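Chemist: Have a look at this one.
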Amino acid sequence: MPTRTLQLGPLQLSLFGTRFRLGMEISLRRPRQPDNRWNPPPVPATQDATSSDLERRVAGIEWYHTIELAPGLVTPGVVDHRPMLHQYQLPERMDGLRVLDVATFDGYWAFEFERRGAAEVVAIDVPSFGDVDLPPRRRAAHSAEELAVAMGQGFDVARAALNSKVRRERINVYDLSPDQLGTFDLVHIGDVLLHLRDPLRALWNVRRMTRPGGIAIVSDVFNADLDRHEEVPLMEYNRGRGDTIWWRFGANTLRRMLEDAGFDRVEEVARFRYAGVTQLARTSHVVFRAGD
């Protein structure tokens, strides 16, 4: 079968049939006490048969996220967020919090929030590659089989290995509504906005899903050259280049977009480059924390 490539952020992906290779201090209201405190997930059974089965399942998936599933067993993801995790300045403990992870893919962030004690974590993503924002001509160039490729094939494997209770929902960020899922103490969306035709609409929904007194953690790729005129928010239109890159933002633009989405307080938390990932070494990221 012929190989097709697509661009996901700074990463180039190769599609092979049904598989693909990827790349403010805001006070919260008093957290609700969970019914059961989170405990670190038990290590999967160490019997050779069980360990070998898990290793085979991991090897059969093209991972985007690097996730430690058991001592000595780490998924071969394109992106390893662990060395950069401190940049996001997450609360060390999230006990009692209800958390939403937008565009979870393999689930790294969702499982990290659970590890930090979140009482409930809901992870959302689109069902398949065909549900992402593809330009019409790009969409027409893909076969039905390619468009049907499931997004985040590693999620279920990781969830079972970690004995996780994270709940995944097949929902597009454009369709997010408190009527479906309620609101959350913390909403996370990372490296997604550049892939959306309508990033501001997505941020409006992120704001709707953030409960009063809660926070949203928003990170994305940015272009520092677009911040040269601080008074003018600039962004670069990329026409869905490489299948999925629609925009490059200035950090100042992202801040203004968060404010226009309805957040009263927006704090820039960090700027950094991805470490240890050759394809992303020159990619600048910015992290914001936004709330009431």
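The values are calculated or read from the model by the stated rules, or taken from the named source; none is laboratory data. Small disclaimer: the values here were computed from a predicted structure and weren't measured. Cβ placement follows ideal geometry from the backbone for every residue including glycine, while neighbour counts extend to all protein chains displayed.
Residues checked against (1) part of a strand (DSSP E or B); (2) touching a strand residue (DSSP E or B) at 6+ places or on another chain (Cβ under 7 Å); (3) at pLDDT 95 or above; (4) not polar (S, T, N, Q):
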position	(1), (2), (3), (4)
GLY240	yes, yes, no, yes
ARG248	yes, yes, no, yes
THR253	no, yes, yes, no
ARG256	no, no, yes, yes
PHE263	no, yes, yes, yes
VAL286	yes, yes, yes, yes
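Chemist: Here's a follow-up. Taking the stretch 103-113 on its own, how many of its residues are assigned to a helix (DSSP H, G or I) and either out of contact with any strand residue (DSSP E or B) (no Cβ under 7 Å at 6 or more places or on another chain) or over 16 Å from ILE217 (Cβ atoms) (or both)? Before you say what the answer is, go through the steps one by one.
Modeler: Narrowing the stretch 103-113 to residues assigned to a helix (DSSP H, G or I): 108-113.
After this cut, where a residue has to be either out of contact with any strand residue (DSSP E or B) (no Cβ under 7 Å at 6 or more places or on another chain) or over 16 Å from ILE217 (Cβ atoms) (or both) as well, the list is 111-112.
Qualifying residue count, the stretch 103-113: 2.
Chemist: Taking the condition of being at pLDDT 95 or above and farther than 16 Å from LEU194 by Cα, how many residues in the stretch 209-238 meet it?
Modeler: 8
Chemist: Please find, among LEU254, LEU234, the residue that is under 28 Å from LEU85 (Cβ atoms) and not polar (S, T, N, Q).
Modeler: Working: LEU234 fails: under 28 Å from LEU85 (Cβ atoms).
That would be LEU254, the only listed residue that is under 28 Å from LEU85 (Cβ atoms) and not polar (S, T, N, Q).
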